[in-house]
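Q: I have a structure here, written as structure tokens, and I will follow up with some questions on it.
The values are calculated or read from the model by the stated rules, or taken from the named source; none is laboratory data. Here the structure is a predicted model, which means the values were calculated and not measured. A quick note on method: Cβ atoms are made from the backbone with ideal geometry, for glycine too, and the neighbour counts reach across all protein chains shown.
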Amino acid sequence: MFRNPGQLIIRMMGEKSASLGRARERLHFGALIFLVLFGFVWIRVFDLMILQGEIVARTLPEEIADISMPDGGESAPVRRGNIYDRNGVLLATSLETASLYADPKVVLDPQGTARDLCKIFPDLAYGDLLQKLQSNRRFIWIRRNLTPIEQAAVLEIGDPGLAFRDEPRRIYPQGTLGAHIVGFTDIDGTGVAGIEKSFEPFLAERGEDLSLTLDARIQHIVRRELDRTIREFSAKGGAAIVMDVTGGDIVAAVSLPDFDPNDPGAAPARARFNGMTVGVYELGSMFKIFSTAALFELANGRMSQKFDATRPLERAGHTIHDYHAEKRVLTVPEVFMYSSNIGAALMGEAVGSERLQHFYADLGLLSRPDLEIPEVGTPIVPDPWREITTLTASFGHGISVSPMQLMTAVARVVGEGHAVRPTLILDHARTPEERERVDVRVVSPETVHRIRQLMRLAVTDGTGKHADVPGFRVGGKTGTAEKAVNGRYKHDSLISSFVGVFPMNAPRYAVLVVVDEPKGNAASHGYATGGWVGAPAAGRIIAASAPILGVAPMPRRIHNPDRGDDLSNALRRYISYAGEEGEHIVR
Amino acid sequence: MRDNNNRSTFLRKSLLYVVLALCAAGTGGALLYASQEVREAEARLARLHRATAQEREAIHVLEAEWSFLNRPERLERLAAERLDMDPPVPKTLVHSVASLPEPLKPVLPVVKPAYLPAPRPAAQPSPTPAASSSQASFRSLLNKLSSGETETGGGPHVP
């Protein structure tokens, strides 16, 4: 009895309160359940805070970071990779910009909003805009990629139907510099030209950065000097390339007229045309470098070999004239320095059609070259290749190649004689030695040396005098070709060019300048030939860029052609060379 | 006796309930506190992420602007306007380290040769003629320098 006071109390309160007892039981039961549940909570809290405390503290931030990182996760868009020049100068990048769209259903005052928007963007037509804002659609683009100032002005309007969406915009801070190589993207950020197009997966999907072989400083110098030449000679356009002849790196590549890749639509199609790699031209006498090399390489040519240039050459109904006619028998150095078409044609004939074709193919002149941009032109090679083609191709007529191809061929002949490939992508991993190992030899070192001598002679004594820069031992070859219009050569529309190499005793860089339809001026005595147009431009480019490229000039007292240590001196004795009595003359 | 018993039982029971209620309240409070802490920490984290993203975007913009301001064409124009400098020409370039003149030898020897008499006491100043001769040799050195004799390489010797 005493041990059960509850019962006692109930009994004392009366039998009728049995329901009170049931309530108490339920209360006890409820309390028990709460106790058990709180017990679980306590255990869990104890487990988390004390037992696992350390581990949770370590791992949790990472999990949260994974979940809430704004640009983490797989669905988030990858930022398009940047493009840099060889020194890390930014050429192309993507910035987040606000794009303005409207939801016409929510626009409160279409007339007022359209009027205000037209004030901010003067090129928008009020009528079109109003029609759009009054339409039944739920989404219309008004303007993509606003500047922050424009965005602030739109926010000032305060219409709830106007909203922004963040979109990346491709920016080219260097403007026109390297536009034809870097290329550009469309409004949705997809590459449609140049490196932007060919490296689309690399830049867009993987978001990786890319370094080009271009050097913004050299690029600027080349553009400046080419632009100056085009203006001086009232030319239609031009192209210029600077290439590292040892490794094939394209250090600068300019095609004029050019365009601003930030707004490619504003430029005419002609400005977007890449004259360096797409345009193929009959480049004329610069091909004498290759026919002369073929003579040495394949036909046992000698410097003293004589070619009869006394009168125009008649072959298969064609007549080949000399532009700078000497009207006498010429040795190889004379043919080269006076740029005799007759002499070069006779050289080609001496080499033979098949061997000359093979040699040109080895130099990469007959097939579409490989380059890292999609805009690459296919050379125009006569098909079938006749005997007369061998003669004309020896002085660069009847065969059209791109300036980039000619540059590559020159690099192969005067560099180390290896099959150098032009490249636009900077490969930090490969050293020059490694490149050399993978390259194939196409020209023997003896021929390389002779061509170096001849190119130096063409600058010290021949048609390329205007390209010389004291101290840098420039060598080169001029080229002047008449443009073929409707199958006929026009005497007054020329392609004037010059390819220069420096320093000639151990070539590092080659400079090619090609000018489209220059007109002679007073300073050039009315001439518009390669020697008057291309050579001075190449000389100025070399003078300005050599110090930047790290090419040391020769000390002045050594650089003196009369001192006898210049590369071209060994060839001087072949100028007006009497030779031996009864020596064979190629006619 | 029964009353006493009843009271102590009641006290024991209510104490238990009070303790349990306090525990429950304490746990609830602690849970609330922890959950608020977590919410706050997450908000802070999100803010930091946003700030980082903004900062990163700002860096991008500044990089683009830096590149834009460093256009060679602009630098060239500014240099022509503001600096009294000319582009380098081959004549002004140093060809090699060897073509630099040797550094000048000190006019007075730094260490006295062994054959010279030991330094005199400070009380006796060196006689005037010595000073004048060193002055004269300095003059001759100046003359030599201005007449451009340094091109031979090694600096002029001073007796």
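Q: Return the residue satisfying two criteria in turn: it lies in region B:48-92 and is over 21 Å from A:Val78 (Cα atoms) and among the hydroxyl-bearing types (Ser, Thr, Tyr), and of such residues it is farthest from the other protein chains (Cβ to nearest Cβ).
A: Keep residues of region B:48-92 that are over 21 Å from A:Val78 (Cα atoms), which gives B:65-92.
From what's left, among the hydroxyl-bearing types (Ser, Thr, Tyr): B:67, B:92.
Working: B:Ser67: 4, B:Thr92: 9 Å.
Checking each candidate, the answer is B:Thr92.
Q: Moving to a separate point now. Considering region A:346-388 alone, what residues qualify as being among the β-branched types (Val, Ile, Thr) and touching a helix residue (DSSP H, G or I) at 6+ places or on another chain (Cβ under 7 Å)?
A: Answer for region A:346-388, where residues must be among the β-branched types (Val, Ile, Thr) and touching a helix residue (DSSP H, G or I) at 6+ places or on another chain (Cβ under 7 Å): A:Val351, A:Ile373.
Q: Do we have B:Glu57 as surrounded by 12 or more Cβ atoms within 10 Å (Cβ to Cβ) and either touching a His at 6+ places or on another chain (Cβ under 7 Å) or assigned to a helix (DSSP H, G or I) (or both) here? Walk me through it before giving the result.
A: Numbers: surrounded by 12 or more Cβ atoms within 10 Å (Cβ to Cβ): yes; either touching a His at 6+ places or on another chain (Cβ under 7 Å) or assigned to a helix (DSSP H, G or I) (or both): yes.
It is true that B:Glu57 is surrounded by 12 or more Cβ atoms within 10 Å (Cβ to Cβ) and either touching a His at 6+ places or on another chain (Cβ under 7 Å) or assigned to a helix (DSSP H, G or I) (or both).
Q: Under 7 Å by Cβ, and 6 or more places apart or on different chains, what pairs join a residue from region A:103-126 that is more than 14 Å from A:Glu156 (Cα to Cα) and free of Cβ contacts under 8 Å to residues at least 24 places away in the same chain with one that is part of a helix (DSSP H, G or I) and hydrophobic (A, V, I, L, M, F, W, C)?
A: A:Gln111/A:Leu130; A:Leu124/A:Leu117; A:Leu124/A:Cys118; A:Tyr126/A:Ala114; A:Tyr126/A:Cys118
Q: Run A:Val254 past the list (1) over 24 Å from A:Thr478 (Cβ atoms); (2) in the same structural domain as A:Ala411 (by TED's automatic domain parsing) and report the number of the one that doesn't hold.
A: Single failed check for A:Val254: (1).
Q: Let me ask something else. Which ranges mark the helices (runs of 4 or more DSSP H) fully within region A:231-342 that have 1 or more residues being crowded, with 24+ Cβ neighbours inside 10 Å?
A: Numbers: elements: A:269-272, A:288-298, A:332-337.
Result: A:288-298, A:332-337.
Q: Is it true that B:Ala30 is facing chain A (nearest Cβ under 10 Å) and among the aliphatic types (A, V, I, L, M)? Walk me through how you get there before you give the answer.
A: Values: facing chain A (nearest Cβ under 10 Å): yes; among the aliphatic types (A, V, I, L, M): yes.
It is true that B:Ala30 is facing chain A (nearest Cβ under 10 Å) and among the aliphatic types (A, V, I, L, M).
Q: Name every residue in region A:165-189 that is touching a helix residue (DSSP H, G or I) at 6+ places or on another chain (Cβ under 7 Å) and either β-branched (Val, Ile, Thr) or within 30 Å of A:Gln134 (Cβ to Cβ) (or both), in order of residue number.
A: A:Ile171, A:Ile181, A:Val182, A:Thr185, listed by residue number.
Every residue, every condition in (1) assigned by TED's automatic domain parsing to the domain that holds A:Arg302; (2) within 23 Å of A:Val245 (Cβ to Cβ); (3) modelled with pLDDT under 90, yes or no:
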{"position": "A:Ala506", "(1), (2), (3)": "yes, yes, yes"}
{"position": "A:Ala523", "(1), (2), (3)": "yes, no, yes"}
{"position": "A:Gly526", "(1), (2), (3)": "yes, no, yes"}
{"position": "A:Trp532", "(1), (2), (3)": "yes, no, no"}
{"position": "A:Tyr574", "(1), (2), (3)": "yes, no, yes"}
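Q: Same structure, new question: Taking A:Ala179 as the residue in question, decide whether it is in contact (Cβ under 8 Å) with a residue 24 or more places away in the chain, small (Gly, Ala, Ser) and closer than 28 Å to A:Ala546 by Cβ.
A: Values: in contact (Cβ under 8 Å) with a residue 24 or more places away in the chain: yes; small (Gly, Ala, Ser): yes; closer than 28 Å to A:Ala546 by Cβ: yes.
For A:Ala179, the condition - in contact (Cβ under 8 Å) with a residue 24 or more places away in the chain, small (Gly, Ala, Ser) and closer than 28 Å to A:Ala546 by Cβ - is met.
Q: Also: B:Leu45: at the interface with another protein chain (Cβ under 8 Å from one of its Cβ atoms), under 28 Å from A:Gly471 (Cβ atoms) and without any contact (Cβ under 8 Å) to a residue 12 or more places away in the chain, yes or no? Steps first, please.
A: Details: at the interface with another protein chain (Cβ under 8 Å from one of its Cβ atoms): yes; under 28 Å from A:Gly471 (Cβ atoms): no; without any contact (Cβ under 8 Å) to a residue 12 or more places away in the chain: yes.
No, not satisfied.
Q: Suppose the filter is surrounded by 12 or more Cβ atoms within 10 Å (Cβ to Cβ), within 14 Å of another protein chain (Cβ to nearest Cβ) and among the β-branched types (Val, Ile, Thr); does A:Thr97 pass it? Don't jump to the end; show me each part of the working.
A: Working: surrounded by 12 or more Cβ atoms within 10 Å (Cβ to Cβ): yes; within 14 Å of another protein chain (Cβ to nearest Cβ): yes; among the β-branched types (Val, Ile, Thr): yes.
When the stated conditions are applied, A:Thr97 passes them.
Q: Same structure again: Just for strands (runs of 3 or more DSSP E) wholly inside region A:469-546: which have at least 3 residues that are over 24 Å from A:Ile218 (Cβ atoms) and either touching a residue at least 60 places away in the same chain (Cβ under 8 Å) or more than 28 Å from the chain's Cα centre (by Cα) (or both)?
A: Working: elements: A:475-485, A:488-502, A:509-516.
Because the criterion is at least 3 residues that are over 24 Å from A:Ile218 (Cβ atoms) and either touching a residue at least 60 places away in the same chain (Cβ under 8 Å) or more than 28 Å from the chain's Cα centre (by Cα) (or both), the strands (runs of 3 or more DSSP E) in region A:469-546 that meet it are A:475-485, A:488-502.
Q: Being assigned by TED's automatic domain parsing to the domain that holds A:Pro547, at pLDDT 90 or above and either surrounded by fewer than 21 Cβ atoms within 10 Å (Cβ to Cβ) or in contact with a Leu (Cβ under 9 Å, 6 or more places away or on another chain) (or both) is true for just one of A:Arg437, A:Arg456, A:Arg473. Which residue is that?
A: Working: A:Arg437 fails: at pLDDT 90 or above; A:Arg473 fails: at pLDDT 90 or above.
Exactly one of A:Arg437, A:Arg456, A:Arg473 is assigned by TED's automatic domain parsing to the domain that holds A:Pro547, at pLDDT 90 or above and either surrounded by fewer than 21 Cβ atoms within 10 Å (Cβ to Cβ) or in contact with a Leu (Cβ under 9 Å, 6 or more places away or on another chain) (or both), namely A:Arg456.
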